[in-house]
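Have a look at the structure below, then the notes.
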Amino acid sequence: MKFFIDTADLAAIREIKAMGMCDGVTTNPSLMAKAGRKDTDALLKEICAVVQGPVSGEVTALDTDGMVAEGKRLAALDKHIVVKVPTTYEGLKAMAELAGAGIAVNATLVFSVNQALLVAKAGAAYVSPFVGRLDDVGEDGMQLIADIVEVYDNYGYETEVIVASVRHPMHVVDSALLGAHIATIPPEVIRKLVAHPLTDKGLAAFMADWEKLQGGGK
Ligand code: E4P
């Protein structure tokens, strides 16, 4: 299973990459705003240089022609750029055109099986269903992942499923159990994945016994 990091925070990306836990990165306009850098093209290039894997940059145009033009400009920044396109009617046309031009597309803001089916047919390299936002409105985000994985398997679509809007460690466990190709995980959730109270308790006990041994001399 691949871990993408869901952030535009370069320091966090560097840290998680050094741990070997960063196979790619996803950004969106909100994450760019959080990073606080207006030179977003330069930032994407810096992220690509660190990650050396797929880095999603999102288009901000809402019409097909605008999305295609922006997507081509983003794709030209670095060979690792994946163009993130919202799953709207206009977006679907842009996805087909960009994919036809050999550009990797990440279909974002996906909330239904039908949307996932459409973007696969349009040639998107990745689909990003947002599990946390579905959970927020009382729907079952992980059931959507299960359904998309099953539908893609039924027809042999090569579009990779990126579980997005990951909020907590159980989203990662469930993604892995369902066989999702990728989870895009915020840095704070990556840190939570390693934590276990029994690890902390066990380590404290080992250290206390070790100190006793040192203090006891011979
Ligand atoms: C990633 O592709 C998505 O843009 C991101 O996971 C959305 O996460 P959020 O719902 O926590 O904003």
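The values are calculated or read from the model by the stated rules, or taken from the named source; none is laboratory data. All figures in this text were calculated on a predicted structure; none of them were measured in a lab. Cβ: placed from backbone, ideal geometry, glycine included. Neighbour counts: every protein chain shown.
Applying the selection to region 161-188, what residues are more than 12 Å from the ligand (Cβ to nearest atom) and acidic (Asp, Glu)? Residue satisfying the conditions is Asp174 alone.
Within region 137-160, the set of residues being within 13 Å of the ligand (Cβ to nearest atom) and either surrounded by fewer than 20 Cβ atoms within 10 Å (Cβ to Cβ) or aromatic (Phe, Trp, Tyr) (or both) comprises Val137, Glu160.
Restricting to region 112-131, and then to whatever is of a type in the set (Val, Ile, Thr) and out of contact with any Gly (no Cβ under 7 Å at 6 or more places or on another chain), can you tell me which residue is nearest to the ligand (Cβ to nearest atom)?
Out of the qualifying residues, it is Val127.
Close Cβ contacts (under 6 Å, 6 or more residues apart or on different chains) running from residues in region 192-209 that are at pLDDT 95 or above to residues that are surrounded by 10 or more Cβ atoms within 10 Å (Cβ to Cβ) comprise Lys192/Pro169; Leu193/Pro169.
When Leu134, Leu109, Leu74 are checked against the criterion of being in contact with a Pro (Cβ under 6 Å, 6 or more places away or on another chain) and within 16 Å of the ligand (Cβ to nearest atom), a single residue qualifies: Leu109.
Per the listing Thr7, Thr64, Thr88, Thr40, the residue uniquely among the polar types (S, T, N, Q) and within 13 Å of the chain's Cα centre (by Cα) is Thr7.
Within region 157-169, residues that are over 20 Å from Leu117 (Cβ atoms) sit with their Cβ atoms under 8 Å from residues that are near the ligand (Cβ under 9 Å from one of its atoms) and in a strand (DSSP E or B), at 6+ positions apart or across chains, in these pairs: Val166/Asp6; Val166/Thr184; Val166/Ile185. Mind counting the residues in region 18-56 that are within 13 Å of the ligand (Cβ to nearest atom), part of a helix (DSSP H, G or I) and not basic (Lys, Arg)? Counting residues in region 18-56 that are within 13 Å of the ligand (Cβ to nearest atom), part of a helix (DSSP H, G or I) and not basic (Lys, Arg) gives 5. When the residues of region 24-55 are filtered to those that are among the charged types (D, E, K, R) and closer than 11 Å to Ile81 by Cβ, the one that is surrounded by the most Cβ atoms within 10 Å (Cβ to Cβ) is Lys45.
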